[in-house]
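Colleague: Take this structure first; my questions come after.
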Amino acid sequence: MKPSREQYRGCLLGLALGDALGAPREGGWLERRLWRWVGTTRQGLPRWTDDTQMTLDVAEVLLREGEIHQDRLAATFARHYHWSRGYGPGTARLLRRIRRGAAWQTARTAQFPQGSYGNGAAMRVAPLALWFHADPATLLLQTQLAAEVTHAHPLALEGAEAMALALQTALTHSEDGPTLGAAVWAQLQAYCTAPEFLSRLALAQTWWQGQANPPPPWVAQHLGHGTAAHTSVITAIYVALCHLEADFLDLLAFVAGLKGDVDTLGAMAGAIWGAHRGAAGLTEWPLERRAEVVAIADQLHDHAPV
C-alpha cells in the first residue's frame, strides 16, 4: 500500500524542522552568533540549512526526470548553492567549481581525492525513499547515484543507503508485523557491512531492545555526533526510533543534547519521525517556505511510481 500524503508531508517537514530548529543550537559561540545573523528570514521565520536545500534539489530532479541524472543533479546543487545555508567548506568549494563550469567528477576528485565520507549524502535521501518506496533495490541504486555526485567514499555510500532503507521501512511498515524499530534494525543488520557501522548498529540495537535510554552525552560518546556518515547515521536512526511515540519537541531536545552536528542529526531523525507519524504533529513551529515544502511533498506523493 502506498504511504499516505500525510506521511510524505511529515517526512519532508520533519527533516526541514529538525534542520532549521537544530541549526541555532550547533557549534561554538562564533557559529551560533553567525547563525543568529543569517538564520531567520526578514519575517522572522527559521531558515533551513544545506541539509534541506539539497533535499529539495534531489526532489526537483526526481520530479523532472523520474530518476537521478547525475549531471542534472550536480547542476541543480550548484545553482542553488548559497554560503548562508551553512554548506560544509569542502562541499561549498566543490559546488563553486561546478558553477564555474567544471564537471562534477573533476570537481569532486579535486576536493575529495579519496571521496568524502561525510553525512551530506545521507541527509538528503528522503525524496528518494518517498519516490522509490515500493522498490528497495532501485532505491539503493538511485541513492548511490545521488550520493556519488559529492560523496563517493564507501562509508558515505553505506550511510546514505542505510538512511534510505530506514526511511523506506518507516514509510511502508505494517502494524501486522514486528514493531517499526525491530523492522528497521533487521533491515540494517541484513544490509550494513562496514565495521564502523556494524559496531554502532549492534550497540544501538542492544540499547533499544533493552530500553536502556542512555542520556544524550552517552549516546554521542558511543554512537557519535559528528559530520562523518558513520558517526551520525546510526545515531540519528536510534534517536528517531526511541522517540517515535514522543512529541517532536522531545526528539529535538534530545538531538540538541547530543551537540555536534545538530542540524543534520535533527534532519535525519526528524525525517524518520515524520515518515512514521505524518505531518499532524509538526504544525506548531514556524518555518520558512513551509507551503513550498508541503507542495513538493504532495507532488512526490502524486507522481511517485506505485
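Colleague: Just for segment 242-267: of the residues that are of a type in the set (A, V, I, L, M, F, W, C) and closer than 20 Å to residue 179 by Cβ, which one is most open to solvent (accessible area, probe 1.4 Å)?
Modeller: 242
Colleague: Does segment 173-205 hold any residues that are among the charged types (D, E, K, R) and within 18 Å of residue 223 (Cβ to Cβ), and which are they?
Modeller: 196, 200
Colleague: Could you tell me whether segment 174-183 includes any residue that is modelled with pLDDT of 95 or more, under 27 Å from residue 278 (Cα atoms) and crowded, with 23+ Cβ neighbours inside 10 Å?
Modeller: Within segment 174-183, none of the residues are modelled with pLDDT of 95 or more, under 27 Å from residue 278 (Cα atoms) and crowded, with 23+ Cβ neighbours inside 10 Å.
Colleague: Another question, then. Output the residue which, of all residues in segment 39-57 that are of a type in the set (S, T, N, Q) and not in a helix (DSSP H, G or I), is modelled with the highest pLDDT.
Modeller: 49
Colleague: Also, I was wondering about something else. I'm told residue 291 meets every condition in (1) touching a residue at least 60 places away in the same chain (Cβ under 8 Å); (2) open to solvent by 50 Å² or more (accessible area, probe 1.4 Å); (3) of a type in the set (A, V, I, L, M); (4) farther than 21 Å from residue 175 by Cβ except one. Can you identify the failing condition by its number?
Modeller: (1)
Colleague: Related question: Looking at segment 143-158, which of its residues are open to solvent by 10 Å² or more (accessible area, probe 1.4 Å) and under 23 Å from residue 300 (Cα atoms)?
Modeller: Result: 144, 145, 148.
Colleague: Separate question: Please determine, by comparing only the residues of segment 161-208 that are closer than 16 Å to residue 232 by Cα and not in a helix (DSSP H, G or I), which one is farthest from the chain's Cα centre (by Cα).
Modeller: 194
Colleague: Kindly check whether there is at least one residue in segment 73-84 that is at pLDDT below 95, more than 30 Å from residue 175 (Cβ to Cβ) and open to solvent by less than 40 Å² (accessible area, probe 1.4 Å).
Modeller: yes
Colleague: Just a yes or no: is a residue in segment 17-38 at pLDDT 95 or above and of a type outside the set (A, V, I, L, M)?
Modeller: yes
The values are calculated or read from the model by the stated rules, or taken from the named source; none is laboratory data. Keep in mind that what you see is a predicted model, and the values were worked out from it rather than measured. Because the Cβ atoms are built from the backbone with ideal geometry, glycine has one as well, and the counts that use them run over all protein chains shown. Note: areas computed on protein heavy atoms with side chains; ligands, DNA, RNA excluded. Shrake-Rupley method; radii C 1.70, N 1.55, O 1.52, S 1.80 Å.
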